[in-house]
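Peer 1: Just passing along the structure, written as structure tokens.
Just so it is clear, none of the values below were taken in a lab; they were calculated from the coordinates. Remember, predicted model here, so these are calculated numbers, not experimental data. Counting neighbours? That spans all protein chains shown, and the Cβs are built from the backbone with ideal geometry, glycine included.
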Amino acid sequence: MLDVACGSGRHVRWFAGRGCRVTGVDRDTEATAALAGVAEIVVADIEAGPWPFAGRRYDAVIVTNYLWRALLPTIVASVADGGVLLYETFAIGNETVGRPANPKFLLQPGELLAASRGLRVVAYEDGWLEAPPRYVQRVAAVRETAARGTPPRYPLRSPGDAG
């Protein structure tokens, strides 16, 4: 899995702890230093430099609290056949409750949904979260495989299910 703008590695650690092969990318050398040995960590400025994963695709791509619109198509293209994209970041309205407040870093209504074009969206939310107070958009989307026959199965769990 790939964690884009991984910071200090909350998701890197969680997935690595469950046996996943994890790659994290962030421009902050200090934040990622403690992740050495946990996962493949790439220190790169993905906004100013080239995408360091050209030609690589991942079974899962995770992005939280990060938005650089120019990278949205690249992030979506990094999802492998049968893979999943999980993306959550701030949306318009957040400027009324805190940071980020710059519209440059806030999704417009439906923007994340539109950016996921080419994937099959299995969940999408656009709204308000109370704790901490923030406006967000979230998407969970899969890249369906071209294989014919039995459709892929994505196990669903109820909120109360263990596991």
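Peer 1: Note down the nm distance, to one decimal, between modelled labels 7 Å out along Cα→Cβ at S158 and at R10.
Peer 2: Simple spin-label model gives 2.8 nm for this pair.
Peer 1: Using the charge dipole of segment 59-145 (Lys, Arg: +1 at Cβ; Asp, Glu: -1 at Cβ; taken about the Cα centre), state which of V79, F90, V61 has its Cα farthest towards the positive end.
Peer 2: Highest projection toward the positive end goes to F90.
Peer 1: Where the centre of each part is set by its Cα atoms, how far does segment 1-44 sit from segment 117-147, in angstrom?
Peer 2: Cα centroid of segment 1-44 versus Cα centroid of segment 117-147: 22 Å apart.
Peer 1: Moving on to the next point. Quick check on segment 1-153: of the DSSP beta bridges with both residues there, what percent are antiparallel, nearest 5%? Before the final figure, lay out the partial values.
Peer 2: Numbers: 16 of 34 bridges.
Restricted to segment 1-153, the bridges split so that about 45 percent are antiparallel.
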